Amino acid sequence: MGVEIQRQLAGGIWGAHLGRTRDGSDVVIKVLPRHHLTAIDKVQRAIILAEQLRRSGYPAPRYLMVEDVAGHCVTVQEFVRGATPEVFQARHAEVLIDLWRRHRDAAGHQDREVDCLAAVRSENAADCRELRNSDDPQIRRIYDQARAVIDRTAPTLFRSSDIVHHDFHHRNFLAHGDQVTAVIDWEGATTGDSRIDLCELAWASRPGSPTRSAEADRLTSTAVANEVDPTVATAIAAARAIEKLAFGLRADEATLGAMLASVTGYLQPLWLDTR
């Protein structure tokens, strides 16, 4: 691909590397895991959506290349200076909430309705099969609860004209002090309902996490309460629980433990409290 690897960059379970092109430009190169959600055609569509936002002045990195290498989707993007803050502060939360508002209607008119729970709507979906076939009774029990929530939630409750990042949380942005320099990791972006992103920003870790200030938690939770209908929020929580646990099952034992703790800590109570 004409990129010389310099060193590994911090953060992310799959990681990223700093690279240098033949003309001396610094870039970020990512090798995505083999999965139906990281198929090259899906990633290419995601990057088109990110570019739409970037052209409007949104701080998204410019993607330079997307290629299939040995069955893996590999992306090369411009290097943006900044770092993921040690602690997600209130000012970061304010900026990201304002950026989230720009996701709304950013995809333009869609010819068809988008079912934002499509990835978990069918029991035969890949993530659902992972949980249904798990040897862990706790995981199967959580799946059954989440399944019941999804089954009673109509697709018509969701928006279809937004750009959805799908991993819009407090570890996926770069900053210099209070200034947000980039929102990163756009490879999973789709069209749909951007309220998924706001919920992820509020729910990405358990309350009291050392990586988030109490004021940032309050701001993001208040935004969800003001912007997301409770029925929609409950369905998003159920879908995210399935996706997170399936991700953990495909990763490793430590990741699964972290996903299980986060699901039982803040997602599961959201639907148990509304039954």
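Is it the case that some residue within region 51-58 is buried (at least 17 other Cβ atoms within 10 Å of the Cβ) and of a type in the set (A, V, I, L, M, F, W, C)? Yes, region 51-58 contains a residue that is buried (at least 17 other Cβ atoms within 10 Å of the Cβ) and of a type in the set (A, V, I, L, M, F, W, C). Within region 227-236, the set of residues being in a helix (DSSP H, G or I) and either free of Cβ contacts under 8 Å to residues at least 40 places away in the same chain or surrounded by fewer than 18 Cβ atoms within 10 Å (Cβ to Cβ) (or both) comprises Glu227, Pro230, Thr231, Ala233. Taking Ala10, is it farther than 30 Å from Val120 by Cα, under 20 Å from the mean Cα position of the chain (by Cα) and in contact (Cβ under 8 Å) with a residue 60 or more places away in the chain? Yes; evaluated as a whole, the condition is true for this residue. Tell me, please, whether a residue that is free of Cβ contacts under 8 Å to residues at least 60 places away in the same chain, surrounded by 18 or more Cβ atoms within 10 Å (Cβ to Cβ) and under 23 Å from Gly15 (Cβ atoms) can be found in region 73-83. Yes, that holds for at least one residue. The residue that is farthest from Val180 (Cα to Cα), counting only those in region 59-68 that are crowded, with 18+ Cβ neighbours inside 10 Å and not aromatic (Phe, Trp, Tyr), is Val66.
Report yes if Ala239 is surrounded by 23 or more Cβ atoms within 10 Å (Cβ to Cβ), under 17 Å from the mean Cα position of the chain (by Cα) and not in a loop (DSSP other than H, G, I, E, B), otherwise no.
Judged against the criteria, Ala239 is a match.
Could you tell me which residue of region 4-47 is nearest to Glu78 (Cα to Cα), considering only residues that are among the β-branched types (Val, Ile, Thr) and exposed (fewer than 13 other Cβ atoms within 10 Å of the Cβ)? Taking the candidates together, the pick is Ile5.
Candidates are the residues of region 244-258 that are among the hydrophobic types (A, V, I, L, M, F, W, C) and at pLDDT below 90; the one that is surrounded by the most Cβ atoms within 10 Å (Cβ to Cβ) is Phe247.
The values are calculated or read from the model by the stated rules, or taken from the named source; none is laboratory data. Quick caveat, the model's predicted, so the values are computed rather than measured. Note: ideal-geometry Cβ built from the backbone for every residue, glycine included; neighbour counts use all protein chains shown.
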